[in-house]
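One structure is given here, and the rest of the page talks about it.
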Amino acid sequence: MSRFPAAEDGERCTSCFELTFEEAACRSCGWDGTRDPSEEGTLPPGTILRDDFMLGRTLGQGGFGITYLAWDLRLNRRRAIKEYFPRGVATRGKNGTQVSLISGQTELYTEGIQRYLDEARLLAQFETHDCIVSPLTFFELNGTAYLVMEYLEGETLRSYVMRQGGRIPYPHALHFLYPVIDALGAIHRAGITHRDVTPHNVFL
């Protein structure tokens, strides 16, 4: 079972990085070293990237990538790392880290990864905006690219609305959307279009 050794006061769970790991499972997240079948194709907890970051659990998967919780091995703090992994174009063996391409998709993948890195460079210019999470760094490895982001505690707007019974009052909606509109205005003025603003990716 994977453990995280670099903690003076205990061992960190390689899924959530809390100091709650015991012999059977983590007291914080319940992880016992068994991977969820739905995470097939993702990198397993404990994977080290560039000797700088250790990956934890998968935070989410979308059409173009996978987001992991990660531990910054140099600064000893949590990060979120996005891996470029376009569905239907890229694949990976069960025990592998290297990204492989589906036959005939090389050109599409190459163009996509370049756009991914260009997007990271564009987002970096908004590092002082309170409502835009910009990359701390990015790098290429394993035949793909990774964006290292600040890890934020909270929940999505979708999750919040569902907890409120599927509806929220109009003033509450405006309270959440004004900062989103301000952020969109900033990126639009820079010539960038988001195209994917949904309650699922608005983070509170």
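The values are calculated or read from the model by the stated rules, or taken from the named source; none is laboratory data. Computed from a predicted structure; not experimentally measured. Using ideal geometry, Cβ is built from the backbone for each residue, glycine included, and neighbour counts are taken over all protein chains shown. To get the accessible areas, we keep the full protein, side chains included, count just its heavy atoms, and leave off ligands, DNA and RNA. Shrake-Rupley method; radii C 1.70, N 1.55, O 1.52, S 1.80 Å.
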> How big is the accessible area of Thr110 in square angstrom, nearest 10, if you roll a 1.4 angstrom probe over the protein chains?
Replying inline: 80
>> Quick check: with the 1.4 Å probe, what order do Arg167, Arg50, Arg27, Arg57 take by accessible area, largest first?
In response: Arg167, Arg27, Arg50, Arg57
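Subtracting the Cα-Cα distance from 0.36 nm times the residue separation, let me have the gained length for Asn76 to Gln114 in nm, one decimal. Mind showing how you got there, number by number?
On the way: separation 38, 0.36 × 38 = 13.68 nm, distance 3.00 nm.
Between Asn76 and Gln114, full extension yields an extra 10.7 nm.
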> Given the protein chains as shown and a 1.4 Å probe, how many square angstrom of Phe203 are accessible, to the nearest 10?
Replying inline: 100
> What percent do you get for the relative contact order of the chain when only Cα pairs under 8 Å and 6+ apart count?
Replying inline: 12
>> Which cysteines in the chain lack any other cysteine whose Cβ sits under 4.7 Å from their own Cβ?
In response: Cys131
>> Report for the range 9-73 the percent antiparallel among DSSP-assigned beta bridges with both residues inside it, nearest 5.
In response: 100
>> For Arg87, what residues show an amide H to amide H distance below 5 Å, using hydrogens built from the backbone and excluding near sequence neighbours?
In response: Phe64, Gly65
>> As a test of reading the structure, rank Glu111, Glu155 by solvent-accessible area (1.4 Å probe, protein chains only), most first.
In response: Glu111, Glu155
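Going from most exposed to least, what order do Tyr84, Tyr151 have by accessible area with a 1.4 Å probe?
Ranked list, largest accessible area first: Tyr151, Tyr84.
Add -39500 (n - 2.57) for each DSSP H run of 4 or more in the chain, then divide by its residues: what number comes out at 222 nm, to the nearest 500 deg cm²/dmol?
Working: 3 runs with 46 residues, N = 204.
Taken over the chain, the calculation gives -7500 deg cm²/dmol.
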> Between Arg158 and Phe139, 0.36 nm times their residue separation minus their Cα-Cα distance comes to what?
Replying inline: 3.8 nm
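In whole percent, what relative contact order does the range 32-83 give with Cα contacts below 8 Å and a gap of six or more residues? Don't skip to the answer; put the middle values down first.
Numbers: 81 pairs, mean separation 12.3, N = 52.
After rounding, I find 24 percent.
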> Per-residue accessible area for His172 at 1.4 Å probe radius, Å² rounded to 10?
Replying inline: 90
